[in-house]
Amino acid sequence: MPPDALLSPTPHMRGVDQMYFFALDLTQTTIDGLLFGSTYALVAIGFTLIWGLLRILNLAHGVTVMVGMFAGMLSASILGLPFYVGILIAMSSGAFIGFLIDRICYRPLRNAHELVPMIATLGFWILIEEVFIKIYSHFWFRDYVPFANPFDGIGIDIGEIRLRTDYLVTLAVAALLVVALYFLIYRTRLGLAMRMIAEDHDIGNLMGVPVGKVLTIAFLLSAAYGGAAGYLLGMTANLAGPYAGSQAVVKGLFSMILGGAGSIPGAIVGGLTLGVLELQSSFLFSFAYRDAIVMLALFIVLIVRPQGLAGKRMADRI
Amino acid sequence: MSKRQKAEFQAIKAFGLAGALAVTLSSAATSPARAFQDEGTIILCSIEPLSGIGTSFGQPNYLGKVIAVDEINAEGGIEVDGKKMKIKLISEDDQAKPDQGVPLFRKCAESDNALVITGTQYSRVTESMWGLLQKKLDDPKDGGLQVPSMSFLSMKAGVTGVSEWAFRNAGDEPAQHELAIKLMEERYGPFKNYSGAVEANEGHSVAAWKAAYTPALDRRNIKATEYVEWYETDRDFSVQIRKLKRANTDFFILSSHLQANVGAMLEAQRQGFKPKTIISHIGSDAAEMVELGKQSTEGIVFPTAIHMAFPAPKVKWLADEYKKRTKETYMPQFVGLGYEGIMIVKEAIVKAGIKNRPETLAADRRKVRDQLAAIRDYKSFAGMTLNMNANRDIVRPVYLVKITGGDFKLYWTPEKGFLF
Amino acid sequence: MSYWFTIAALTGINVLLAYSVYASFMSGQVSIGQAAFFGVGAYVGASLTVLGGFDLISAVLVAGFAGAAASLFVGVPTLRLKGYHFTIATVAFAEAVRVILHNLKYGRPRSSGNVGDQWLGPDGATGFRHIAYLNENGITTGQYALIVWVIVVIVVIGFFLVERSRIARILRTIEEDEVVARAIGIPVARYKVAAFVCGGFIAGMSGALYAHLLTFISGGDFIIHLSTIALAYVVIGGGQTMWGPLLGAILFTVLPETLRPIKDFRIELFGLLIILVMLFRPTGMISAAAVRRWSTPWAPKAQRKRPTEAF
């Protein structure tokens, strides 16, 4: 692998042309990164909801992404349902998984140390993913199945910059879901209850908040967002595979951390940053160290700003 | 009983159950069916990624083996020491994980007493497994296992170098790609810009780039105009494809596997990146390429060992048999390689003149190993003649496949040249 | 038989990995990044025997120090991170290390070798081949399992002694409440880093042992799942006492192997068992109370306290 070929953009182009294309591609890469990062942000929102409320790392979140992706695949490719119906199906099937996570991994263990439900979600993840793969390979003798993408190949051109329609749709859906979540959290009684629980469970209990019920709703919400992310991830890549959940969960986790664990604006900032960081580091620097660059950025953010890029500074509870 | 005691009681009950389950299972594990050779079977072990990441080639390969074993057993088995003996194929699943494969390899060699271990097919795991073998023959200082092992894939360049007991039936990747580049140059050349894309987290693709594509370009005094990398699990390829496009690539080397290939080619279609020629490797041999990639993967050329469209009648039969068992219309080369591999092993066993008794196991293994190393002018079911080379790789003729009209069409054969 | 010796060796390696998590776990630092030190240990250990001509034991020890150095590198800057921020920093670091290992190339050319196999030492994504120390020196799997378990026993004895000493109480105090610990004059920072570095040392040794058992390693082996499973061993076995990691790692390495007769469903059962253990014994399989009960069966009932909290 010639390292110089990696560092210098397209050595055969010279002068003004090279500058022009460089600027153009830089812009395009940034835009693509932002748009692409919105799926990461969606995965991260699901993560961060549970984290913010319970301080539990929900490792089974990938399962909701995977189930959402396959529910979407079935509705889009096999049943041929329109996009908006498909995404609702994906969200509700994700929510079903969220319900299971709540009932199996969280509820019976709510009084235990935070690590206990986390390891339970690890078990749940392994179990469901394997069962799912068994079912999947019974029906398909394939690693991946096609995911019908109605927006494929269409784009909006602004000068020489091209915006992929499916990415724009992803961004729009993500934005819509975020606005809905904001409305829910800051404008409804349920949101008030959630905020109270996030502060302190006991206070919530004392104030007469039905903590269990609220948390179930939080699990359903988180998983529904995971399902939506699964649908969009599958659609933009035009394929669905049983391992997609595990892969997405790592990206979602890093987005959440980057932006600030437990904060919803943090998840969005983190997801978009991760998207841009990934694409830009493979555009500007060596791809070979793309993930290392991302991880070191993450590490530095953690040390310099433990609360994340967008998180609020937490008061030390002393 | 208080609530707490009740909970404790339940927990104890559950643990008792779990313990009983574990004991039953472990007793089942320690008393394997001890059907040794003297009961009239030849034991072959098959280690494959039957679940997990390598399923797309592990399952077809395994099916190829099973079809071969079924066929041999239907004919009564292999003639050993004057009487016909059936083959018992012990199948193990390594999930493409080395820490599963290593114990399994030992189990096959020392508990199952397999005569030959076939597998595994995922290079990463194969390398760890073959590391257990004796490096050089008759080296008394080397305490490694002495059992012949043959992989019917493990394409990664150089894996058989680990041990003299290791064999491979996959095709010589450097020769394959040299030929592919040469033929494409003759037909569509000259090309100005050669560029490569490599799946950087996958050993085989990286090794193919280093050991096959780069030397081939070096021989032509060509430096890759653009070189990009991605990961198998990536979902956005816009940056890489744009770089390739900006480099005015007309000869595109795609050293990568199906998911990334599909994603990258779809992105190429979006960006209007259409190189004159695209060559790829075995990673493109999967039905997903046309099912998922649709128009975008049209025109990709890759070398193959065995193709459905070969004129030999047995190939057609195998494809039908495969279709019967899986309902798949396209038979990837892994099936043929698995089937053919078992047949080569059978040939070696027949020629070795083994006794197949518990006390002769070590000698039998050695004889079979020597016969495998001495495979010359073997007539494959697919019609070609095969030879084992000094690196213990089967040397086989190269065929090219081109993705055309949503199908994998045989494109070039050594006998007829370009078919279309 | 050597199949079970291989399993025994792998189990020992996993036990060490579990203890490497447990070392810092005692002081309340939960790491999901042990794969980094494990990987560093594997690369250093293998390099020493393959390229440096070291013998196994010294290679393993040096690998341990390499793991310790790497963990010092993480431990110091992340000291002031609280709780999960620390956990997450270890994840990020481990991923960065994995990518770096994946791209490492050093060593020397091999005089003889097939095409594509002409390099001794790690060769980027192609991996690190020919870690043939065991075969070359005629060490059988049984002997290797013994070597691994001797190291395991030494580590277990070490933890046993620590567990009965002042140090363990100090670490537990730090885990309970750092502020209180600082207030009563415990040098919290020093203890926390020391505990984490001990974990790194054990992980490094474990990695070197792993590399020699597997004979081939590549950066892709040291993924985040490995770190998560390592933590799972501790939580499942029980994080309150030193016996937990031992039991967790043994059970969850051996079980998937004994489940092989029902091989098609063994991974599902593995997942199911994790859930079941967590549901029925949230404190892990062995709790501090259970250990007290067994170690002092003559103790009056009043002393058999129940833990008020899980850990």
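The values are calculated or read from the model by the stated rules, or taken from the named source; none is laboratory data. Owing to the predicted nature of the structure, the values given are computational and were not obtained by experimental measurement. When we count neighbours, we look across all protein chains shown, and the Cβ atoms used for this are built from the backbone with ideal geometry, even at glycine. Areas reflect the complete protein model, heavy atoms only, side chains present, ligands, DNA and RNA absent. Shrake-Rupley method; radii C 1.70, N 1.55, O 1.52, S 1.80 Å.
At a Cα cut-off below 23 Å, give the lysines reachable from B:LYS324, other chains included and same-chain residues fewer than 8 away excluded.
Leaving aside lysines fewer than 8 places away in the same chain, those within reach of B:LYS324 are A:LYS134, B:LYS65, B:LYS88, B:LYS314, B:LYS316, B:LYS409.
By a straight-distance test (C-alpha under 16 Å), which aspartates and glutamates pair with B:LYS327 as possible cross-link partners, with residues fewer than eight away in the same chain excluded?
Correct list for B:LYS327: A:ASP143, B:GLU288, B:GLU291.
Residue by residue through C:203-214, how many Cβ atoms from other chains fall within 10 Å of the Cβ on average? Please report the intermediate quantities before stating the final value.
Working: counts 0, 0, 0, 0, 0, 0, 0, 2, 0, 1, 7, 10.
Rounded to a whole number, the mean comes out at 2.
If a cysteine in the protein assembly as shown has no other Cys Cβ under 4.7 Å from its own Cβ, put it on the list, ordered by number.
Flagged as lacking a Cys partner: A:CYS105, C:CYS198.
C:ALA94: net charge of surrounding residues, Cβ under 15 Å, Lys/Arg +1, Asp/Glu -1, itself excluded?
Values: positive: C:ARG98; negative: A:ASP291, C:GLU95, C:ASP221.
After counting each charged neighbour, the total is -2.
What GluC sites (Glu not before Pro) in segment B:229-272 are in a loop by DSSP, with at most 11 other Cβ atoms within 10 Å of the Cβ?
Values: sites: B:GLU229, B:GLU232, B:GLU267; in loops: B:GLU232.
Nothing satisfies the criteria.
Of the trypsin sites (Lys or Arg not before Pro) in segment B:99-196, which ones lie in a loop per DSSP and count no more than 16 other C-beta atoms within 10 Å? Walk me through the numbers on the way to the answer.
Values: sites: B:ARG106, B:LYS107, B:ARG124, B:LYS135, B:LYS136, B:LYS141, B:LYS156, B:ARG168, B:LYS182, B:ARG187, B:LYS192; in loops: B:LYS135, B:LYS136, B:LYS141, B:LYS156, B:LYS192.
Within segment B:99-196, the qualifying trypsin sites (Lys or Arg not before Pro) (loop, at most 16 other Cβ atoms within 10 Å) are B:LYS136, B:LYS141, B:LYS192.
Most mobile of A:GLY98, A:GLY252, A:GLY208 per a Gaussian network model of chain A (Cα springs, under 10 Å)?
Judging by the Gaussian network model, the answer is A:GLY208.
Specify the residue with the greatest mean-square fluctuation among A:SER38, A:SER77, A:SER286, computed from a Gaussian network of chain A linking alpha-carbon atoms under 10 Å apart.
Judging by the Gaussian network model, the answer is A:SER286.
For B:ILE90, list long-range residues whose amide hydrogen, built 1.01 Å from N in the peptide plane, is under 5 Å from its own amide hydrogen.
Long-range HN contacts for B:ILE90: B:LEU44, B:CYS45, B:SER46.
Find the accessible area per residue for segment B:186-320; the probe is 1.4 Å, ligands and nucleic acids are left out, and the unit is Å².
Numbers: 4070 Å² over 135 residues.
So segment B:186-320 comes to 30 Å² accessible per residue, rounded to a whole number.
Test of the criteria: in segment B:354-417, which trypsin sites (Lys or Arg not before Pro) are in a DSSP loop and have at most 12 other Cβ atoms within 10 angstrom of their Cβ? Each step should come with its number before you reach the end.
Details: sites: B:LYS355, B:ARG365, B:ARG366, B:LYS367, B:ARG369, B:ARG376, B:LYS379, B:ARG392, B:LYS402, B:LYS409, B:LYS416; in loops: B:LYS355, B:ARG376, B:ARG392, B:LYS416.
Answer by residue number: B:ARG376, B:LYS416.
Using the Cα centre as the reference, give the magnitude of the dipole from point charges on the C-beta atoms of chain A (Lys, Arg: +1; Asp, Glu: -1; all else neutral), rounded to the nearest 20 debye.
Values: 19 positive and 19 negative charges, 189 e Å.
Its charge dipole is roughly 900 debye.
Can you run phi through the Karplus equation (6.51, -1.76, 1.60; θ = phi - 60°) for segment B:264-280 and list ³J(HN,Hα) in whole Hz, with x for Gly and Pro?
Karplus values, whole Hz, x for Gly and Pro: 5, 6, 5, 5, 4, 4, 4, 8, x, 8, 10, x, 4, 9, 10, 10, 9.
For the protein assembly as shown, just list the percent of Cα-Cα distances falling in each 20 Å bin from zero outward, please.
Spelled out bin by bin, the protein assembly as shown gives 13, 44, 35, 8, 0 percent.
Using +1 at the C-beta of Lys and Arg and -1 at the C-beta of Asp and Glu, which of C:ILE131, C:ALA92, C:ILE170 has the Cα lying farthest in the positive direction of the dipole of segment C:2-223?
Checking the options against the dipole of segment C:2-223, the answer is C:ILE170.
Report the one residue of B:ILE394, B:PRO311, B:ILE300 whose Cα lies farthest in the direction of the positive end of the charge dipole of segment B:294-396 (charges on C-beta: Lys and Arg +1, Asp and Glu -1; origin at the Cα centre).
Working it through, the farthest residue towards the positive pole turns out to be B:ILE394.
Amide H of C:TRP119 versus every other amide H placed in the peptide plane: which residues, excluding those fewer than 5 positions away on the same chain, fall under 5 Å?
Excluding prolines and chain starts, which carry no amide H, the hits are C:ARG110.
Which residue, B:GLU359, B:GLU127, B:GLU321, tops the fluctuation ranking in a GNM of chain B built on C-alpha contacts under 10 Å?
Its mean-square fluctuation being the largest, the pick is B:GLU359.
Say the dipole of the protein assembly as shown comes from +1 at the beta carbon of Lys and Arg and -1 at that of Asp and Glu; which of B:HIS257, C:LEU101, A:TRP125 then lies farthest toward its positive end?
Farthest along the dipole direction, towards plus: A:TRP125.
Between A:ILE158 and B:THR404, what is the spin-label point distance in nm, taking each point 7 Å from the Cα along the Cα→C-beta axis?
Distance between the two pseudo-spin positions: 4.4 nm.
Once Rh for segment C:2-223 is found with the Kirkwood sum over Cα pairs, what is the Stokes-Einstein diffusion coefficient at 37 °C and 0.692 mPa s, in µm²/s?
On the way: Rh = 17.9 Å.
Value of D from the Cα-based Kirkwood radius: 183 µm²/s.
When you have a sec, figure out the Kirkwood radius of chain A from all distinct Cα pair distances and drop it here in Å to one decimal? Walk me through the numbers on the way to the answer.
Values: mean 1/r = 0.0487 Å⁻¹.
Mean inverse Cα-Cα distance, inverted, gives 20.5 Å.
Which values of log₁₀ I(q)/I(0), to two decimal places, follow from the Debye formula for segment B:313-420 at q = 0.15, 0.17, 0.22, 0.24 Å⁻¹ with a uniform point scatterer at every Cα?
-0.79, -0.93, -1.22, -1.31
Tell me which residues come under 5 Å, amide H to amide H, from B:TYR399 once H is placed; ignore anything under 5 positions away on its chain.
Distant-sequence amide H within range of B:TYR399: B:THR304.
Using a 1.4 Å probe, how large is the accessible area of C:ILE250, given in Å² and rounded to the nearest 10?
Per-residue accessible area (C:ILE250): approximately 60 Å².
Kindly report, to the nearest 10 Å², the accessible surface of A:TYR84 as traced by a 1.4 Å probe over protein heavy atoms only.
Here the residue's solvent-accessible area equals roughly 150 Å².
Hey, what does the equivalent ellipsoid look like for segment A:233-318, semi-axes from the Cα gyration tensor as sqrt of 5 times each eigenvalue, largest first, whole Å?
They are 25, 17, 10 Å, listed largest first.
Please give the residues of segment B:364-388, grouped as numeric ranges, whose backbone N is less than 16 Å from a label point set 7 Å along the Cα-to-Cβ vector of B:LYS416.
Inside the label zone: B:383-384.
Compute the distance in nm between two label points, each set 7 Å from the Cα along the Cα-to-Cβ direction, one at B:ASP320 and one at B:ARG357.
Calculated label separation equals 4.4 nm.
Need one value: the accessible area of C:HIS225 in square angstrom, 1.4 angstrom probe, rounded to the nearest 10.
The accessible area comes out at roughly 70 Å².
Select from chain A the helices, each a whole stretch of DSSP H, whose alpha-carbon atoms run 20 Å or more along the helix axis and whose Kyte-Doolittle mean is at least -1.0; answer none if there are none.
Helices passing the filter in chain A: A:15-54, A:83-100, A:115-139, A:165-187, A:211-237, A:244-259, A:264-284, A:290-304.
Give me the dipole magnitude in Debye, nearest 20, for segment C:2-223 about the Cα centre, with unit charges on the beta carbon: positive for Lys and Arg, negative for Asp and Glu.
On the way: 14 positive and 11 negative charges, 96 e Å.
I would put it at about 460 debye.
I want to check the label-to-label distance for B:THR385 and A:ALA175. Put each point 7 Å from Cα in the C-beta direction and report it in nm to one decimal.
About 6.9 nm separates the two model spin labels.
Considering only DSSP beta bridges whose two residues both sit in the protein assembly as shown, what percent are antiparallel, to the nearest 5? Can you show the working numbers first?
Values: 29 of 64 bridges.
Antiparallel bridges make up about 45 percent of those DSSP assigns within the protein assembly as shown.
Could you give the dipole magnitude of the protein assembly as shown about its Cα centre, charging the beta-carbon of Lys and Arg +1 and that of Asp and Glu -1, in debye to the nearest 20? All intermediate terms of the calculation are to be shown ahead of the outcome.
Working: 99 positive and 85 negative charges, 462 e Å.
So the dipole magnitude of the protein assembly as shown works out to roughly 2220 debye.
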